[in-house]
Amino acid sequence: MEWLGRAKINFTHAPSPRPVRQRDGTETDLLKICESTTPPCHLNPLLFNGHLQTMWTATKPHGPQVYYRRKVFEADHKTYKGTFAVDFAVEPFEETDDTLPRRTAYFTDQQFESLPSDDSKPMLVILHGLSGGSHEVYLRHVIAPLIGQGGWEVCVVNSRGCARSKISSGVLYNARATWDVRQTINWLHGKFPNRPLFGMGFSLGANMLTNYCGEEGANCLLKAAVVVSNPFNLEVSSKLLQNNFIGREIYLRVMGGAMKQLIATHKESIEEFTNLNLAAVEKVTYLHEFDREVQCPTWGYPTEYAYYRDASSTDAVLGIRIPFIAINATDDPIAVNEALPYEEFRQNPSTILITTSLGGHLCWFENGGTRWHPRPIGNFLNHMAFNVDFDSIKPLQDPRTTDKTSRGADYDPMRRKLAIVEG
């Protein structure tokens, strides 16, 4: 236990972090930016370990209010067909829609077409955690200070079926489902050509965003990205959770139940578009059992562990070519410390892993109910958006391609085995 909730902060990085030039002409690097934008981490001393921090979320703190307008997109890739919903943070409004989460309504065609397209505001694209959505409180804590007077535009890509979005095909989402965020970022790049784009992901969404950045490599359209409470190595995380009572009977049971409810909510669509054995799904208790009955037959994996290995974002860290930071608590009971890719972060000068010794999973509760994580995230994003010369943070080519004698020079970190099973 840390003394009175004062968490220790560590930065894991390459020996020579990526150099960055600022708009005033001064030279710095990614590590110095992270160090200067990360405040001390003083948490509620009564929530003195990761379990207490994480379970405090069950008290359902309200958090700041954020209003959204939703746009439903049709997937533009025939393999990943179907629709997905993107929620854009907007000014408060009075209307309500009982079919959507609170403070969310659909864009009218006129509202959507009249969106400004030539401003240069920085825009943040967010991915939420497992079975969550734009309404999640950990996400709203970050968004609220950025929008409005903060000068940012923000949108949240909801995973298919989440946040009361509809399922319109047999293509669901999984831990490396990068196709919807890729289409969203490509669309934003075309719709708002003057806006610098940034990415942020939480928990499972952090895993997705890390995979996206690794897959895009030197072609990534984001200026920088932040991921929070990324489980990274899904197989390690799952097995460690299964091997202890709290992990199995609280976390895996709760997450499994949430995913079961998601399937139950969309039962008619699931029956129409897939061949899933819904009777077997109804009998599962834990998340890994759910993945065995849903993810494996959907994507063609023989076991849930083959899926976890293929979907993990550990190796993706090696493929990232934009400024990228990850924030994790080493006492996180879900995104466990044993699954964090410390060595991979030490290999890539474009990446920094920030770890705190306290904080739990997506929590970091301070005295009074505030949270710590919005401050380092907001400080970093604001610095990158308003202080940095964008020419100095263009995606790099793979530094290993120029030195074929370096360790792992021919290794392809983004080689994947995913196959779509036609049904």
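Meeting the requirement of 1 or more residues that are in contact with an Asp or Glu (Cβ under 9 Å, 6 or more places away or on another chain) and not charged (D, E, K, R), the helices (runs of 4 or more DSSP H) wholly within the stretch 243-322 are 253-265, 278-283, 287-293, 295-299, 304-311, 316-319.
What pairs come out if I take residues in the stretch 20-45 that are among the hydrophobic types (A, V, I, L, M, F, W, C) and pair them with residues that are open to solvent by 50 Å² or more (accessible area, probe 1.4 Å) and outside any strand (DSSP E or B) whose C-beta lies under 9 Å away, six or more apart or interchain? Final answer for the pair search is 20/32; 33/387; 41/8; 43/367. Scanning the stretch 73-91 for residues that are more than 16 Å from residue 133 (Cα to Cα) and of a type outside the set (A, V, I, L, M, F, W, C) returns 74, 76, 77, 78, 79, 80, 81, 82, 91.
Looking at the stretch 112-127, can you tell me whether even one residue there is in a helix (DSSP H, G or I), under 16 Å from residue 191 (Cβ atoms) and either β-branched (Val, Ile, Thr) or open to solvent by 70 Å² or more (accessible area, probe 1.4 Å) (or both)? Yes: one or more hits.
Which numbered condition in (1) within 22 Å of residue 112 (Cβ to Cβ); (2) surrounded by fewer than 21 Cβ atoms within 10 Å (Cβ to Cβ) is the only one that residue 169 fails? Answer for residue 169: the failing condition is (1).
Residues that are open to solvent by less than 10 Å² (accessible area, probe 1.4 Å), modelled with pLDDT of 95 or more and either of a type in the set (Val, Ile, Thr) or part of a helix (DSSP H, G or I) (or both) occur in the stretch 366-377; there is at least one.
Of the residues making up the stretch 321-336, at least one is of a type in the set (S, T, N, Q), open to solvent by less than 20 Å² (accessible area, probe 1.4 Å) and modelled with pLDDT of 95 or more. Residues that are farther than 20 Å from residue 295 by Cα and either open to solvent by 10 Å² or more (accessible area, probe 1.4 Å) or in contact with a Cys (Cβ under 6 Å, 6 or more places away or on another chain) (or both) within the stretch 174-195 comprise 182, 183, 186, 187, 189, 190, 191, 193, 194, 195, listed in sequence order.
For residue 140, are the conditions met, namely being under 14 Å from residue 104 (Cα atoms), out of contact with any helix residue (DSSP H, G or I) (no Cβ under 7 Å at 6 or more places or on another chain) and not in a loop (DSSP other than H, G, I, E, B)?
Considered against the rule, which asks whether it is under 14 Å from residue 104 (Cα atoms), out of contact with any helix residue (DSSP H, G or I) (no Cβ under 7 Å at 6 or more places or on another chain) and not in a loop (DSSP other than H, G, I, E, B), residue 140 comes out as yes.
Scan the stretch 39-53 residue by residue and report those that are open to solvent by less than 20 Å² (accessible area, probe 1.4 Å) and among the polar types (S, T, N, Q). Correct list: 53 only. When we screen 249, 293, 343 for residues that are open to solvent by 10 Å² or more (accessible area, probe 1.4 Å), closer than 30 Å to residue 379 by Cα and not basic (Lys, Arg), the only hit is 343.
The values are calculated or read from the model by the stated rules, or taken from the named source; none is laboratory data. Just so you know, these numbers come straight off a predicted model, no measurement behind them. Cβ atoms come from the backbone with ideal geometry, glycine included; neighbour counts cover every protein chain shown. We work out accessible area using only protein heavy atoms, side chains counted, and drop any ligands, DNA or RNA first. Shrake-Rupley method; radii C 1.70, N 1.55, O 1.52, S 1.80 Å.
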